[in-house]
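Before any comments, here is the structure.
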Amino acid sequence: MDFDFSPEQLAIRKHMRDFAEREIAPVAQKNDRACQFDWDIAHKIFKEGFLGCPVPEKYGGLGLDYVSYGLMTEEVNRICSSTRTLFSVQTSLVALTILKWGTEEQKMQYLPKLCTGEFIGCYGLTEPEAGSDAANQQTRARKDGTDYLLSGQKTWISCGTIATHALIFATVDPALGHKGITCFIVDTKTPGFKAQKIEGKLGLRASDTAMLFLDEVRVPASSMLGNVGEGFKIAMSALDNGRFSVAAGAVGLVQGCIDVCSKYAMQRITFGKPIGEHQQVQAMIADMVVDCEAGRLLYLRAAHLKNKGVRNTMETSLAKLFCGEAANRAGHNAVQIFGGYGYSDEYPVERYFRDAKILNIYEGTREVQKMIIAQDALGIRSANGKPETRLTELATAGV
Ligand SMILES: Cc1cc2nc3c(=O)[nH]c(=O)nc-3n(C[C@H](O)[C@H](O)[C@H](O)COP(=O)(O)OP(=O)(O)OC[C@H]3O[C@@H](n4cnc5c(N)ncnc54)[C@H](O)[C@@H]3O)c2cc1C
(Lines give C-alpha, C1' and ligand atoms only; values in the text may rest on other atoms or scores of the structure.)
Protein backbone atom coordinates (compact mmCIF):
# COMPACT_ATOMS: atom_id res chain seq x y z
CA MET A 1 0.00 0.00 0.00
CA ASP A 2 1.48 3.34 -1.04
CA PHE A 3 0.34 6.45 0.83
CA ASP A 4 2.52 8.83 -1.18
CA PHE A 5 1.27 11.04 -3.97
CA SER A 6 3.35 11.13 -7.14
CA PRO A 7 4.99 14.42 -8.19
CA GLU A 8 2.36 14.69 -10.97
CA GLN A 9 -0.50 14.25 -8.50
CA LEU A 10 0.97 16.87 -6.18
CA ALA A 11 1.47 19.22 -9.11
CA ILE A 12 -2.13 18.97 -10.34
CA ARG A 13 -3.39 19.46 -6.79
CA LYS A 14 -1.30 22.61 -6.40
CA HIS A 15 -2.34 23.86 -9.82
CA MET A 16 -6.01 23.40 -8.97
CA ARG A 17 -5.62 24.96 -5.52
CA ASP A 18 -3.93 28.04 -7.01
CA PHE A 19 -6.62 28.28 -9.68
CA ALA A 20 -9.48 27.95 -7.18
CA GLU A 21 -8.01 30.52 -4.81
CA ARG A 22 -7.19 32.96 -7.59
CA GLU A 23 -10.28 32.65 -9.79
CA ILE A 24 -13.14 31.17 -7.75
CA ALA A 25 -12.65 32.39 -4.16
CA PRO A 26 -13.01 36.11 -4.97
CA VAL A 27 -16.44 35.62 -6.61
CA ALA A 28 -17.91 32.64 -4.71
CA GLN A 29 -19.90 34.73 -2.24
CA LYS A 30 -21.19 37.09 -4.96
CA ASN A 31 -22.34 34.20 -7.15
CA ASP A 32 -23.99 32.48 -4.20
CA ARG A 33 -25.90 35.64 -3.31
CA ALA A 34 -26.93 36.20 -6.91
CA CYS A 35 -27.85 32.51 -7.35
CA GLN A 36 -26.08 32.59 -10.67
CA PHE A 37 -23.99 30.13 -12.63
CA ASP A 38 -20.73 31.91 -13.42
CA TRP A 39 -19.90 31.50 -17.11
CA ASP A 40 -16.69 33.44 -16.69
CA ILE A 41 -15.32 30.85 -14.25
CA ALA A 42 -16.67 28.04 -16.39
CA HIS A 43 -14.79 29.31 -19.44
CA LYS A 44 -11.57 29.52 -17.44
CA ILE A 45 -12.10 25.91 -16.32
CA PHE A 46 -12.73 24.85 -19.92
CA LYS A 47 -9.57 26.61 -21.06
CA GLU A 48 -7.46 24.78 -18.47
CA GLY A 49 -8.86 21.43 -19.70
CA PHE A 50 -9.81 20.48 -16.13
CA LEU A 51 -13.10 18.87 -17.15
CA GLY A 52 -11.33 16.08 -19.02
CA CYS A 53 -9.03 15.12 -16.15
CA PRO A 54 -9.57 11.32 -16.16
CA VAL A 55 -10.59 11.10 -19.83
CA PRO A 56 -7.86 9.50 -22.04
CA GLU A 57 -5.83 11.91 -24.17
CA LYS A 58 -7.06 10.07 -27.27
CA TYR A 59 -10.51 11.57 -26.57
CA GLY A 60 -9.27 15.04 -25.69
CA GLY A 61 -8.81 14.58 -21.94
CA LEU A 62 -5.79 15.04 -19.70
CA GLY A 63 -5.44 11.26 -19.29
CA LEU A 64 -4.78 11.55 -15.55
CA ASP A 65 -5.63 8.95 -12.94
CA TYR A 66 -8.50 8.96 -10.42
CA VAL A 67 -6.28 10.04 -7.53
CA SER A 68 -5.47 13.20 -9.48
CA TYR A 69 -9.14 13.65 -10.34
CA GLY A 70 -10.12 13.25 -6.68
CA LEU A 71 -7.50 15.75 -5.53
CA MET A 72 -8.64 18.27 -8.14
CA THR A 73 -12.27 17.85 -7.14
CA GLU A 74 -11.33 18.30 -3.50
CA GLU A 75 -9.51 21.54 -4.24
CA VAL A 76 -12.44 23.03 -6.17
CA ASN A 77 -14.88 22.14 -3.42
CA ARG A 78 -12.53 23.51 -0.75
CA ILE A 79 -13.53 26.86 -2.21
CA CYS A 80 -16.94 26.37 -3.85
CA SER A 81 -19.40 23.45 -3.96
CA SER A 82 -21.41 24.98 -6.80
CA THR A 83 -18.36 24.99 -9.07
CA ARG A 84 -17.53 21.42 -8.05
CA THR A 85 -20.98 20.34 -9.22
CA LEU A 86 -19.96 21.24 -12.78
CA PHE A 87 -17.05 18.75 -12.48
CA SER A 88 -19.22 16.03 -10.99
CA VAL A 89 -21.82 16.31 -13.72
CA GLN A 90 -19.72 17.02 -16.80
CA THR A 91 -16.83 14.70 -16.03
CA SER A 92 -18.17 11.94 -13.78
CA LEU A 93 -21.80 11.55 -14.78
CA VAL A 94 -21.61 12.39 -18.47
CA ALA A 95 -18.11 12.06 -19.99
CA LEU A 96 -17.05 8.96 -18.05
CA THR A 97 -20.40 7.32 -18.78
CA ILE A 98 -19.99 7.88 -22.51
CA LEU A 99 -16.40 6.64 -22.19
CA LYS A 100 -17.60 3.39 -20.60
CA TRP A 101 -20.73 2.71 -22.62
CA GLY A 102 -20.36 4.64 -25.88
CA THR A 103 -19.48 3.27 -29.29
CA GLU A 104 -16.19 4.47 -30.73
CA GLU A 105 -18.15 6.87 -32.93
CA GLN A 106 -20.04 8.31 -29.93
CA LYS A 107 -16.81 8.71 -27.95
CA MET A 108 -15.19 10.60 -30.83
CA GLN A 109 -18.32 12.70 -31.33
CA TYR A 110 -18.88 13.78 -27.73
CA LEU A 111 -15.82 13.38 -25.52
CA PRO A 112 -13.41 15.92 -27.05
CA LYS A 113 -16.12 18.59 -26.96
CA LEU A 114 -17.16 17.70 -23.41
CA CYS A 115 -13.51 18.03 -22.35
CA THR A 116 -13.22 21.52 -23.83
CA GLY A 117 -16.64 22.68 -22.64
CA GLU A 118 -17.90 23.17 -26.19
CA PHE A 119 -20.57 20.67 -25.14
CA ILE A 120 -22.10 20.82 -21.66
CA GLY A 121 -23.74 17.67 -20.40
CA CYS A 122 -26.41 16.92 -17.85
CA TYR A 123 -27.61 13.65 -16.35
CA GLY A 124 -31.36 13.20 -16.47
CA LEU A 125 -32.33 10.34 -14.21
CA THR A 126 -34.49 11.80 -11.41
CA GLU A 127 -38.20 12.31 -12.03
CA PRO A 128 -40.96 13.62 -9.79
CA GLU A 129 -41.84 9.99 -8.91
CA ALA A 130 -38.40 8.45 -9.35
CA GLY A 131 -35.68 9.68 -6.99
CA SER A 132 -34.35 7.02 -4.62
CA ASP A 133 -36.61 4.62 -6.47
CA ALA A 134 -34.80 5.36 -9.72
CA ALA A 135 -36.12 2.27 -11.49
CA ASN A 136 -39.62 3.77 -11.42
CA GLN A 137 -38.95 5.77 -14.60
CA GLN A 138 -42.09 7.21 -16.19
CA THR A 139 -40.42 8.94 -19.15
CA ARG A 140 -41.30 6.92 -22.22
CA ALA A 141 -39.21 6.06 -25.27
CA ARG A 142 -41.53 5.06 -28.10
CA LYS A 143 -40.07 3.59 -31.28
CA ASP A 144 -41.08 5.45 -34.43
CA GLY A 145 -39.48 3.99 -37.55
CA THR A 146 -35.76 3.97 -36.83
CA ASP A 147 -36.09 6.85 -34.32
CA TYR A 148 -37.34 7.09 -30.76
CA LEU A 149 -39.78 9.67 -29.40
CA LEU A 150 -39.07 10.65 -25.78
CA SER A 151 -41.81 12.09 -23.57
CA GLY A 152 -41.81 12.79 -19.85
CA GLN A 153 -40.44 15.00 -17.12
CA LYS A 154 -37.15 15.10 -15.20
CA THR A 155 -36.51 17.12 -12.10
CA TRP A 156 -33.57 18.41 -10.06
CA ILE A 157 -31.22 18.11 -13.01
CA SER A 158 -27.89 19.85 -12.41
CA CYS A 159 -26.69 21.94 -15.37
CA GLY A 160 -30.13 21.39 -16.93
CA THR A 161 -30.63 24.84 -18.46
CA ILE A 162 -27.04 25.24 -19.62
CA ALA A 163 -26.59 21.78 -21.11
CA THR A 164 -26.13 21.28 -24.83
CA HIS A 165 -26.64 17.52 -24.38
CA ALA A 166 -28.54 15.46 -21.84
CA LEU A 167 -28.30 11.82 -20.90
CA ILE A 168 -31.98 10.92 -20.70
CA PHE A 169 -33.17 7.69 -19.11
CA ALA A 170 -36.53 6.49 -20.39
CA THR A 171 -38.43 3.24 -20.47
CA VAL A 172 -39.38 1.46 -23.66
CA ASP A 173 -42.03 -0.46 -21.67
CA PRO A 174 -42.96 0.22 -18.04
CA ALA A 175 -44.08 -3.42 -17.68
CA LEU A 176 -40.42 -4.45 -18.02
CA GLY A 177 -39.46 -2.58 -14.83
CA HIS A 178 -35.77 -1.66 -14.67
CA LYS A 179 -35.11 -3.95 -17.65
CA GLY A 180 -36.99 -1.54 -19.92
CA ILE A 181 -34.89 1.51 -19.07
CA THR A 182 -32.79 2.81 -21.92
CA CYS A 183 -30.35 5.71 -22.11
CA PHE A 184 -30.21 8.33 -24.88
CA ILE A 185 -27.83 11.19 -25.59
CA VAL A 186 -30.18 14.03 -26.45
CA ASP A 187 -29.28 17.33 -28.10
CA THR A 188 -31.14 19.87 -25.95
CA LYS A 189 -31.94 21.98 -29.02
CA THR A 190 -34.17 19.21 -30.38
CA PRO A 191 -37.81 20.39 -30.74
CA GLY A 192 -39.93 19.36 -27.75
CA PHE A 193 -37.09 19.66 -25.22
CA LYS A 194 -37.55 22.38 -22.59
CA ALA A 195 -35.57 23.21 -19.44
CA GLN A 196 -36.81 25.38 -16.60
CA LYS A 197 -34.56 26.67 -13.83
CA ILE A 198 -35.39 25.65 -10.25
CA GLU A 199 -35.18 28.65 -7.94
CA GLY A 200 -34.93 29.03 -4.18
CA LYS A 201 -32.40 26.32 -3.29
CA LEU A 202 -30.95 25.93 0.22
CA GLY A 203 -27.42 25.58 -1.14
CA LEU A 204 -25.47 25.13 -4.38
CA ARG A 205 -26.99 28.44 -5.28
CA ALA A 206 -24.45 29.21 -7.97
CA SER A 207 -25.02 25.89 -9.71
CA ASP A 208 -27.68 25.49 -12.34
CA THR A 209 -30.56 23.13 -11.46
CA ALA A 210 -33.57 22.50 -13.67
CA MET A 211 -36.71 20.63 -14.50
CA LEU A 212 -36.67 19.10 -17.96
CA PHE A 213 -39.79 18.62 -20.06
CA LEU A 214 -39.73 16.29 -23.03
CA ASP A 215 -42.60 16.30 -25.46
CA GLU A 216 -42.14 13.82 -28.30
CA VAL A 217 -38.44 14.60 -28.57
CA ARG A 218 -37.21 12.75 -31.64
CA VAL A 219 -33.82 11.04 -31.34
CA PRO A 220 -32.18 8.70 -33.83
CA ALA A 221 -31.40 5.16 -32.67
CA SER A 222 -27.70 6.09 -33.08
CA SER A 223 -28.11 8.37 -30.03
CA MET A 224 -28.82 5.42 -27.78
CA LEU A 225 -26.07 4.81 -25.24
CA GLY A 226 -25.63 1.07 -24.77
CA ASN A 227 -28.50 -1.17 -25.80
CA VAL A 228 -32.25 -1.21 -25.20
CA GLY A 229 -32.81 -2.18 -21.56
CA GLU A 230 -29.27 -1.38 -20.41
CA GLY A 231 -30.19 2.08 -19.11
CA PHE A 232 -30.51 1.15 -15.45
CA LYS A 233 -27.09 -0.51 -15.44
CA ILE A 234 -25.68 2.58 -17.17
CA ALA A 235 -27.32 4.91 -14.65
CA MET A 236 -25.90 2.96 -11.70
CA SER A 237 -22.40 2.76 -13.19
CA ALA A 238 -22.53 6.54 -13.78
CA LEU A 239 -23.36 6.98 -10.09
CA ASP A 240 -20.24 4.99 -9.13
CA ASN A 241 -18.28 7.83 -10.73
CA GLY A 242 -20.59 10.63 -9.62
CA ARG A 243 -20.53 9.51 -5.99
CA PHE A 244 -16.75 9.41 -6.09
CA SER A 245 -16.56 13.07 -7.07
CA VAL A 246 -19.18 13.94 -4.44
CA ALA A 247 -17.07 12.17 -1.79
CA ALA A 248 -13.87 13.93 -2.85
CA GLY A 249 -15.75 17.23 -2.98
CA ALA A 250 -17.11 16.65 0.52
CA VAL A 251 -13.56 16.19 1.82
CA GLY A 252 -12.69 19.48 0.15
CA LEU A 253 -15.54 21.16 2.02
CA VAL A 254 -14.25 19.74 5.33
CA GLN A 255 -10.74 20.95 4.48
CA GLY A 256 -12.15 24.39 3.65
CA CYS A 257 -13.82 24.49 7.08
CA ILE A 258 -10.57 23.50 8.81
CA ASP A 259 -8.61 26.16 6.95
CA VAL A 260 -10.92 29.10 7.62
CA CYS A 261 -11.74 28.00 11.19
CA SER A 262 -8.10 27.50 12.20
CA LYS A 263 -7.23 31.00 11.05
CA TYR A 264 -10.25 32.59 12.70
CA ALA A 265 -9.85 30.63 15.95
CA MET A 266 -6.33 31.96 16.45
CA GLN A 267 -7.44 35.57 15.83
CA ARG A 268 -10.72 35.81 17.73
CA ILE A 269 -10.10 36.62 21.40
CA THR A 270 -12.50 35.77 24.24
CA PHE A 271 -11.70 35.65 27.95
CA GLY A 272 -8.27 37.06 27.17
CA LYS A 273 -7.07 34.40 24.73
CA PRO A 274 -7.71 33.14 21.20
CA ILE A 275 -10.78 30.88 21.06
CA GLY A 276 -8.46 28.26 19.50
CA GLU A 277 -6.97 27.85 22.96
CA HIS A 278 -10.31 26.89 24.49
CA GLN A 279 -10.63 23.11 24.72
CA GLN A 280 -14.18 22.95 23.37
CA VAL A 281 -13.18 24.83 20.22
CA GLN A 282 -10.12 22.58 19.85
CA ALA A 283 -12.42 19.56 20.08
CA MET A 284 -14.46 20.85 17.11
CA ILE A 285 -11.29 21.43 15.09
CA ALA A 286 -9.97 17.97 16.02
CA ASP A 287 -13.23 16.33 14.89
CA MET A 288 -12.96 18.08 11.53
CA VAL A 289 -9.34 16.98 11.07
CA VAL A 290 -10.13 13.33 11.89
CA ASP A 291 -13.14 13.38 9.52
CA CYS A 292 -11.06 14.96 6.79
CA GLU A 293 -8.24 12.43 7.02
CA ALA A 294 -10.59 9.44 7.28
CA GLY A 295 -12.75 10.67 4.40
CA ARG A 296 -9.72 11.27 2.20
CA LEU A 297 -8.47 7.72 2.78
CA LEU A 298 -11.89 6.35 1.89
CA TYR A 299 -12.19 8.17 -1.42
CA LEU A 300 -8.56 7.47 -2.30
CA ARG A 301 -9.21 3.76 -1.73
CA ALA A 302 -12.04 3.99 -4.28
CA ALA A 303 -9.71 5.92 -6.62
CA HIS A 304 -7.12 3.16 -6.34
CA LEU A 305 -9.69 0.55 -7.41
CA LYS A 306 -10.89 2.77 -10.26
CA ASN A 307 -7.31 3.11 -11.49
CA LYS A 308 -7.07 -0.69 -11.53
CA GLY A 309 -10.39 -1.00 -13.37
CA VAL A 310 -11.93 -2.96 -10.49
CA ARG A 311 -15.60 -2.52 -9.61
CA ASN A 312 -15.88 -0.22 -6.60
CA THR A 313 -19.57 0.35 -5.87
CA MET A 314 -19.11 -0.60 -2.21
CA GLU A 315 -15.96 1.45 -1.63
CA THR A 316 -17.49 4.46 -3.40
CA SER A 317 -20.67 4.16 -1.34
CA LEU A 318 -18.65 4.01 1.88
CA ALA A 319 -16.73 7.12 0.83
CA LYS A 320 -19.85 8.98 -0.30
CA LEU A 321 -21.74 8.23 2.90
CA PHE A 322 -18.90 9.01 5.31
CA CYS A 323 -17.63 12.11 3.50
CA GLY A 324 -21.14 13.54 3.10
CA GLU A 325 -21.82 13.12 6.79
CA ALA A 326 -18.38 14.51 7.66
CA ALA A 327 -19.06 17.61 5.55
CA ASN A 328 -22.32 18.20 7.40
CA ARG A 329 -20.59 17.86 10.78
CA ALA A 330 -17.83 20.21 9.65
CA GLY A 331 -20.22 22.84 8.23
CA HIS A 332 -22.23 22.76 11.43
CA ASN A 333 -19.16 23.15 13.67
CA ALA A 334 -17.60 25.77 11.42
CA VAL A 335 -20.59 28.07 11.91
CA GLN A 336 -20.37 27.37 15.66
CA ILE A 337 -16.70 28.34 15.79
CA PHE A 338 -17.46 31.64 14.08
CA GLY A 339 -20.30 32.34 16.53
CA GLY A 340 -22.55 35.19 15.37
CA TYR A 341 -20.20 35.98 12.47
CA GLY A 342 -20.75 32.45 11.19
CA TYR A 343 -24.38 33.32 10.72
CA SER A 344 -23.61 35.87 8.04
CA ASP A 345 -22.23 35.35 4.54
CA GLU A 346 -19.42 37.75 5.33
CA TYR A 347 -17.48 34.51 5.97
CA PRO A 348 -17.74 31.37 3.82
CA VAL A 349 -18.72 29.00 6.65
CA GLU A 350 -22.42 29.83 6.32
CA ARG A 351 -22.23 28.79 2.64
CA TYR A 352 -20.30 25.61 3.56
CA PHE A 353 -23.01 24.77 6.10
CA ARG A 354 -25.79 25.15 3.51
CA ASP A 355 -23.84 23.50 0.69
CA ALA A 356 -23.03 20.43 2.82
CA LYS A 357 -26.64 19.25 2.97
CA ILE A 358 -26.86 18.23 -0.67
CA LEU A 359 -23.96 15.81 -0.15
CA ASN A 360 -26.21 13.40 1.69
CA ILE A 361 -29.10 13.87 -0.73
CA TYR A 362 -28.02 13.72 -4.36
CA GLU A 363 -26.46 10.80 -6.21
CA GLY A 364 -28.14 8.47 -3.73
CA THR A 365 -29.25 9.73 -0.34
CA ARG A 366 -27.54 8.85 2.93
CA GLU A 367 -30.22 6.21 3.46
CA VAL A 368 -29.68 4.69 0.01
CA GLN A 369 -25.92 4.42 0.71
CA LYS A 370 -26.67 2.72 4.04
CA MET A 371 -28.98 0.32 2.21
CA ILE A 372 -26.20 -0.62 -0.25
CA ILE A 373 -23.64 -1.05 2.56
CA ALA A 374 -25.91 -2.97 4.94
CA GLN A 375 -27.29 -5.28 2.25
CA ASP A 376 -23.73 -6.14 1.29
CA ALA A 377 -22.71 -6.79 4.92
CA LEU A 378 -25.82 -8.88 5.55
CA GLY A 379 -25.25 -10.98 2.45
CA ILE A 380 -28.57 -9.85 0.94
CA ARG A 381 -26.99 -8.28 -2.14
CA SER A 382 -23.31 -7.95 -2.88
CA ALA A 383 -22.53 -4.34 -3.87
CA ASN A 384 -19.61 -5.29 -6.10
CA GLY A 385 -21.24 -8.20 -7.90
CA LYS A 386 -20.98 -11.94 -7.33
CA PRO A 387 -18.33 -12.75 -4.66
CA GLU A 388 -16.60 -15.40 -6.79
CA THR A 389 -16.34 -13.03 -9.80
CA ARG A 390 -15.07 -10.32 -7.45
CA LEU A 391 -12.23 -12.51 -6.14
CA THR A 392 -11.04 -13.24 -9.67
CA GLU A 393 -11.32 -9.55 -10.56
CA LEU A 394 -9.21 -8.51 -7.56
CA ALA A 395 -6.61 -11.21 -8.20
CA THR A 396 -6.32 -10.26 -11.89
CA ALA A 397 -5.87 -6.57 -11.01
CA GLY A 398 -3.33 -7.45 -8.31
CA VAL A 399 -5.30 -5.65 -5.59
C1 LIG B 1 -29.53 20.40 -6.00
C2 LIG B 1 -29.85 19.04 -6.56
C3 LIG B 1 -29.20 18.61 -7.69
C4 LIG B 1 -29.52 17.36 -8.25
N5 LIG B 1 -28.92 16.96 -9.43
C6 LIG B 1 -29.37 15.84 -10.07
C7 LIG B 1 -28.90 15.50 -11.39
O8 LIG B 1 -28.03 16.17 -11.96
N9 LIG B 1 -29.44 14.42 -12.01
C10 LIG B 1 -30.39 13.63 -11.42
O11 LIG B 1 -30.85 12.69 -12.05
N12 LIG B 1 -30.85 13.93 -10.17
C13 LIG B 1 -30.37 15.00 -9.48
N14 LIG B 1 -30.84 15.32 -8.22
C15 LIG B 1 -31.88 14.49 -7.63
C16 LIG B 1 -31.40 13.65 -6.45
O17 LIG B 1 -30.54 12.64 -6.88
C18 LIG B 1 -32.64 13.12 -5.71
O19 LIG B 1 -33.26 14.24 -5.10
C20 LIG B 1 -32.29 12.05 -4.70
O21 LIG B 1 -31.88 10.88 -5.34
C22 LIG B 1 -33.46 11.74 -3.75
O23 LIG B 1 -34.64 11.49 -4.45
P24 LIG B 1 -35.99 12.27 -4.02
O25 LIG B 1 -35.67 13.71 -3.94
O26 LIG B 1 -37.06 11.83 -4.94
O27 LIG B 1 -36.27 11.76 -2.55
P28 LIG B 1 -37.09 10.44 -2.16
O29 LIG B 1 -36.61 9.29 -2.95
O30 LIG B 1 -38.53 10.76 -2.19
O31 LIG B 1 -36.64 10.24 -0.64
C32 LIG B 1 -37.17 11.01 0.43
C33 LIG B 1 -36.57 10.50 1.73
O34 LIG B 1 -36.95 9.14 1.93
C35 LIG B 1 -35.79 8.33 2.08
N36 LIG B 1 -36.01 7.03 1.45
C37 LIG B 1 -36.55 6.79 0.22
N38 LIG B 1 -36.59 5.48 -0.02
C39 LIG B 1 -36.05 4.87 1.07
C40 LIG B 1 -35.78 3.51 1.43
N41 LIG B 1 -36.05 2.47 0.61
N42 LIG B 1 -35.23 3.25 2.65
C43 LIG B 1 -34.92 4.28 3.48
N44 LIG B 1 -35.14 5.57 3.19
C45 LIG B 1 -35.68 5.86 2.01
C46 LIG B 1 -34.68 9.09 1.36
O47 LIG B 1 -33.39 8.70 1.80
C48 LIG B 1 -35.04 10.53 1.72
O49 LIG B 1 -34.55 10.81 3.00
C50 LIG B 1 -30.48 16.54 -7.63
C51 LIG B 1 -31.11 16.96 -6.45
C52 LIG B 1 -30.81 18.21 -5.93
C53 LIG B 1 -31.54 18.65 -4.68
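The values are calculated or read from the model by the stated rules, or taken from the named source; none is laboratory data. As the structure is a prediction and not an experimental result, all values here were calculated from the model. When we count neighbours, we look across all protein chains shown, and the Cβ atoms used for this are built from the backbone with ideal geometry, even at glycine. Side chains included, ligands, DNA and RNA excluded: accessible areas come from the protein's heavy atoms. Shrake-Rupley method; radii C 1.70, N 1.55, O 1.52, S 1.80 Å.
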Simple SL model, points at 7 angstrom along Cα→Cβ for LYS44 and ASP133; separation in nm is 4.5 nm
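Take the Cβ-Cβ distance between ARG329 and THR116 as r, set R0 to 35 Å, and report the resulting FRET efficiency rounded to the nearest 0.05. Walk me through the numbers before you get to the answer.
On the way: r = 38 Å, r/R0 = 1.08.
The formula returns an efficiency of 0.40 here.
Between LYS370 and ARG218, 0.36 nm times their residue separation minus their Cα-Cα distance comes to what?
Details: separation 152, 0.36 × 152 = 54.72 nm, distance 3.85 nm.
Gain in length upon complete extension: 50.9 nm.
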Descending accessible area (1.4 Å probe), largest on the left, turns ARG22, ARG13 into ARG22, ARG13
Counting only protein heavy atoms with a 1.4 Å probe and every protein chain in place, the carbon and sulfur fraction of the accessible surface of the chain in whole percent equals 55 percent
Computed over the stretch 122-230, the relative contact order (Cα-Cα under 8 Å, seq sep at least six) in percent reads 32 percent
The stretch 122-230, Kirkwood Rh and Cα Rg, ratio Rg/Rh at 0.97
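Using a 1.4 angstrom probe, figure out how much accessible area the chain has per residue, in square angstrom, rounded to the nearest whole.
Details: 17590 Å² over 399 residues.
Heavy-atom SASA per residue in the chain reads 44 Å².
If the chain between SER344 and PHE271 were fully stretched, how many nm would it gain, using 0.36 nm times the residue separation less the Cα-Cα distance? Mind showing how you got there, number by number?
Values: separation 73, 0.36 × 73 = 26.28 nm, distance 2.32 nm.
Full-extension gain reported as 24.0 nm.
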For the stretch 184-233, the Debye formula with one identical point scatterer on each Cα and no solvent gives log10 I(q)/I(0) at q = 0.15, 0.26 Å⁻¹ as -0.58, -0.97
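Below 8 Å, C-alpha to C-alpha, sequence gap of six or more: please give me the relative contact order for the stretch 232-397 in percent.
Working: 196 pairs, mean separation 44.2, N = 166.
Answer for the stretch 232-397 is 27 percent.
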Cα-based Debye curve of the chain sampled at q = 0.13, 0.14, 0.15 Å⁻¹ gives log₁₀ I(q)/I(0) of -1.08, -1.25, -1.41
Beyond 29 Å (Cα-Cα) in this structure, taken from LYS143/LYS320; LYS263/LYS357; LYS14/LYS189; LYS306/LYS370, we find LYS143/LYS320; LYS14/LYS189
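Which peptide among 184-195, 224-235, 382-393 comes first, and what is the full order, when sorted by highest mean count of other Cβ atoms within 10 Å? Don't skip to the answer; put the middle values down first.
On the way: 184-195: 17.4, 224-235: 19.7, 382-393: 13.3.
Highest to lowest by the protection proxy: 224-235, 184-195, 382-393.
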Ranking SER88, SER222 from most to least accessible area with a 1.4 Å probe gives SER222, SER88
With 0.36 nm assigned to each residue of separation and the Cα-Cα distance removed, GLN336 to THR392 gains 15.3 nm
Under the 7 Å Cα-to-Cβ spin-label approximation, SER382 and ARG142 lie apart by a distance in nanometres of 4.3 nm
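Order these peptides, 296-303, 269-276, 131-138, 79-86, by their mean beta-carbon neighbour count within 10 angstrom, highest first.
Numbers: 296-303: 22.0, 269-276: 11.8, 131-138: 16.5, 79-86: 27.8.
Those peptides, ordered most packed to least, come out 79-86, 296-303, 131-138, 269-276.
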Ignoring ligands and nucleic acids, TYR347 exposes an accessible area, probe 1.4 Å, in Å² to the nearest 10, of 70 Å²
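Taking N as the number of residues in the stretch 247-358, what is its alpha-carbon radius of gyration divided by 2.2 N^0.38 Å? Before the final figure, lay out the partial values.
Values: Rg = 15.5 Å, N = 112, 2.2 N^0.38 = 13.2 Å.
The value comes to 1.18.
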Given unit charges at Cβ for Lys, Arg (+) and Asp, Glu (-), the dipole magnitude of the stretch 33-72 about its Cα centre in debye, nearest 20, is 80 debye
Per the stretch 7-120, sqrt(5λ) over the Cα gyration tensor eigenvalues, sorted largest first, in Å, gives 24, 16, 11
The lysines whose Cα lies under 18 Å from the Cα of LYS107, excluding any fewer than 8 residues away in the same chain, are LYS58
Relative contact order of the chain (C-alpha contacts under 8 Å, at least 6 apart) in percent is 15 percent
